[in-house]
Every structure is written in C-alpha cells, then in structure tokens.
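Student: Structure incoming, see below.
The values are calculated or read from the model by the stated rules, or taken from the named source; none is laboratory data. What you see is a predicted model, and the numbers here were worked out from it, not measured in a lab. Cβ: placed from backbone, ideal geometry, glycine included. Neighbour counts: every protein chain shown.
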Amino acid sequence: MKVRSLLFGMLCMLALGATTASCSDDDDDLDDSGSQVELPKTRAYFLNEGGWGANNAGLAFYAPKGDAKFISDIYKVQNNAQLGDLGQSMIEYEDEIYIAVYGSNYLTKLNAAGVEQKRVSFVNDSDLSAGIRYIDAEDGYIYASFYGGVVAKINARTLEVVDRLTGLGDNLEGVAICEDMLYVANSCTADYKYHQDVKVIDLRTFTLKETLTVATNPYTSMLEEDDKVFFISNDYSSAEGYVLQMIEPNSGNKVTPIGYASYMAANDDVLYLVNSITDWDTKTSVNTFFTYNIKTGQMNNTSFLKNAPAELASSTLSMLEVNDENGDIYIAVSDYKTNSTIYRFKKDGTLVDRFDAGGIGTNSALFFN
C-alpha cells in the first residue's frame, strides 16, 4: 500500500509538473519594459514615412480589438524623441521591431511596446553612407540593402555590422529571404538609369551566387510566400507600368512575369494585389483590386473588397498589408502632404474601420497577435 501510495504521489507530481510546463510554454508575454503606457496584447503598428527633410517620420499604434486608444506616434511617446527623417521600412523579428530610417540613415531596434533598445547609425560609414533601404531577418541576423550597392549583415541582438557585400550594383531596394538565399533588387543608378537585376546572395557563405535578369527597375516591393519570391518592377517604359514577377528558387531561380500590380501582400498562399495607375499631375488614380492563387497559379480578377468606400477606387495608395493571424486587410491612402487614412477590412472584404494614420505616407505595418 505504501509503494502504491508513493507511486500515485509521484504520478501526481509528474502531472503537476507537466501542467506547469505547459502553462509556462503558453506564456508568451511581450516585452513591454520601459513603456510609458499600458498596451493590450493584440496590437498593430504603422510606419509613417514623413516628408523629405522634415524629420517627421513616426510609428503609430492601433488596437485592433478596440481595447486601447490610438496613439499617433508611439515612438515619440515612449522615447521622448522624433523617429527621424524618412521611415523607409519595418519588420518584426523575434517579437521585436526593427525600423530602417533612410534619411537619417540608421537602424533601430524597439521592443514590442516601441521602446528603443539599440540603434546603429551608418552616417559615418563610407560603404553605407548613401542610406539604408529595406530589411529582412533570419537566424539571428538582419540583412539590409543600401544605396551605393551594399548589403550589410547585422547582428539582430547587438546591431553590430558583422559583414558586408559591396559592389552589388547601385541603388539597392527590396529584399526577401527564401531557401537560405537573400534576393535583392538592384533598381537604378544615382542619376536614374534603370537596371534589370535581382541579386541572389547565398546566406550560408554570404557571397553573391548569381544575378537574375528581370523587368526594368525592380523596386521596393519584394516578399516570400510558399517558397517563392514575388516582386514588382516599376517599368516606366511599359504602358502598364508595374510588372509583377515570381522567382522560383526550387526551379533554378526561374523568373516569370505573372501580371501587373503596384502593391502586394500575401497570406495563406494568396497574393492580394492592387494595380494603381496614377496621374501625378492631378494626384488621382484608377485602382483595381484582385488576387493571385499561388498554389494554382490562377489570377482572380474579382475584387477582394466587398463594400469598399468609393474614394478607394481613385485615391493614391501608399500601403497594402495583411495580418497573417486573422487575414484582416489594411490599406492606406496618402497625398504625401497630409496624414494618411487607413482602411481596415476583414478577410472576407467587409469594411471594419477607417482612421487617421497619425502621419504622412504610411508605408508598412506589423502585428502582434
């Protein structure tokens, strides 16, 4: 009886230990240390680019569940400082926020509440002084493209530049990581002579593997989905303008044009696309919303928006993002003079919310769910 009781007690302790471990594993609280405000666990951030030379880039906070007030510039609230000149791009990596600020030419790391942890300036680095552009992350490193034809490998924890590749081209733009390769758009020269290059860098050796020939002027948008890389070239010689292309790493980096689009976002093997033809004299556009099924290779020309406000058909867009947790779609419009407006739709295309973005030129978003 004593042995049986002892075994029973040990089993109970093991069960309790398993339960405790399970609870601990599920406890994935975000790092909000140093925050000046209390934030809900579900949150969204929007990067507002600001105006050239105006030092008015900003990071807006939004509560998708409506359980906190909108904050037009949470970076300023948390750090008592301006973000800087021209917020270029933003990613989330390991529950931290990384922002590339092009005009001020630095990279900053924030915790999940927007409190700055570290930053690194490239102003006095001769290789990197032309300006940081786009970033992606993998295996503890941030990879950043720079004008001047340089890609930097940066320790994600310390923000130390641990390696760099120079001589890759001229104005490097969008980046995406797929199958241990970094794909980098080589857009144009400093005097706007356009290239047709995407550089492929082997991240295992951090060396240039090959150069792919693509449509003229591969530009800012580049993303990975379903083991493929999608990007857009802004070909000014084409009547359609924006050429959507796909790279298939598992097929020898085959490049295939698949349509025309100005903005794209991806979720669940679907590309959400907008083709926006803009008259920059009148600042009006003709916007077409559609999707591309990556699995089947089929384009669906039916709009993914059900009850879009009429102004979205002709407004100048600045952002298209999808929350990969619930499929919510966020679209920003901007005249690059006044604050952007952000429209939020459910995955089924139903309008949920419309709000002032708190800054000029909203260009990217990230989500903590």
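Student: Any residue at all in segment 303-316 that's surrounded by 13 or more Cβ atoms within 10 Å (Cβ to Cβ), touching a Ser or Thr at 6+ places or on another chain (Cβ under 6 Å) and under 22 Å from G359 (Cα atoms)?
Tutor: Yes, because at least one residue in segment 303-316 is surrounded by 13 or more Cβ atoms within 10 Å (Cβ to Cβ), touching a Ser or Thr at 6+ places or on another chain (Cβ under 6 Å) and under 22 Å from G359 (Cα atoms).
Student: Got a number for residues in segment 320-352 being of a type outside the set (D, E, K, R) and more than 15 Å from the chain's Cα centre (by Cα)?
Tutor: 16
Student: Still on this structure, I have one more. Are there strands (runs of 3 or more DSSP E) fully within segment 93-153 with at least 3 residues that are closer than 25 Å to T42 by Cβ and not small (G, A, S)? List them.
Tutor: On the way: elements: 96-101, 106-110, 116-121, 132-138, 141-146.
In segment 93-153, 96-101, 106-110 are the strands (runs of 3 or more DSSP E) which contain 3 or more residues that are closer than 25 Å to T42 by Cβ and not small (G, A, S).
Student: Answer yes or no as to whether S237 is among the small types (G, A, S) and surrounded by fewer than 20 Cβ atoms within 10 Å (Cβ to Cβ).
Tutor: yes
Student: From V161, V184, which residue is among the β-branched types (V, I, T) and surrounded by 19 or more Cβ atoms within 10 Å (Cβ to Cβ)?
Tutor: The conditions single out V184.
Student: Are there any pairs, at least 6 apart or on different chains, whose C-beta atoms fall under 6 Å, with the first in segment 61-86 and in contact (Cβ under 8 Å) with a residue 24 or more places away in the chain and the second among the polar types (S, T, N, Q) and buried (at least 21 other Cβ atoms within 10 Å of the Cβ), and if so, which?
Tutor: G84/S104; D85/S104
Student: Of all residues in segment 281-298, how many are more than 23 Å from the chain's Cα centre (by Cα) and exposed (fewer than 15 other Cβ atoms within 10 Å of the Cβ)?
Tutor: Qualifying residue count for the region: 8.
Student: Is there any pair linking a residue in segment 159-177 that is polar (S, T, N, Q) to one that is outside any strand (DSSP E or B), with Cβ under 6 Å and at least six apart or on different chains, and which?
Tutor: T166/D127
Student: Residues that are within 21 Å of T362 (Cα to Cα), small (G, A, S) and at pLDDT 95 or above: which strands (runs of 3 or more DSSP E) entirely in segment 215-297 hold 2 or more of them?
Tutor: 263-267
Student: Look through I154, I132, I91, I97 and report the one residue that is among the β-branched types (V, I, T), surrounded by 22 or more Cβ atoms within 10 Å (Cβ to Cβ), at pLDDT 95 or above and under 22 Å from D32 (Cα atoms).
Tutor: I97
Student: Scan segment 120-159 for residues that are closer than 27 Å to A190 by Cα and of a type in the set (D, E, K, R) and jot them down.
Tutor: Scanning segment 120-159 gives D125, D127, R133, D136, K153.
Student: Okay, moving on. Need the failing condition index for A21 against (1) at pLDDT below 95; (2) hydrophobic (A, V, I, L, M, F, W, C); (3) buried (at least 16 other Cβ atoms within 10 Å of the Cβ), just the number.
Tutor: (3)
Student: Let me ask something else. Would you check if V175 is surrounded by 23 or more Cβ atoms within 10 Å (Cβ to Cβ), assigned to a strand (DSSP E or B), in contact with a Phe, Trp or Tyr (Cβ under 6 Å, 6 or more places away or on another chain) and not charged (D, E, K, R)?
Tutor: yes
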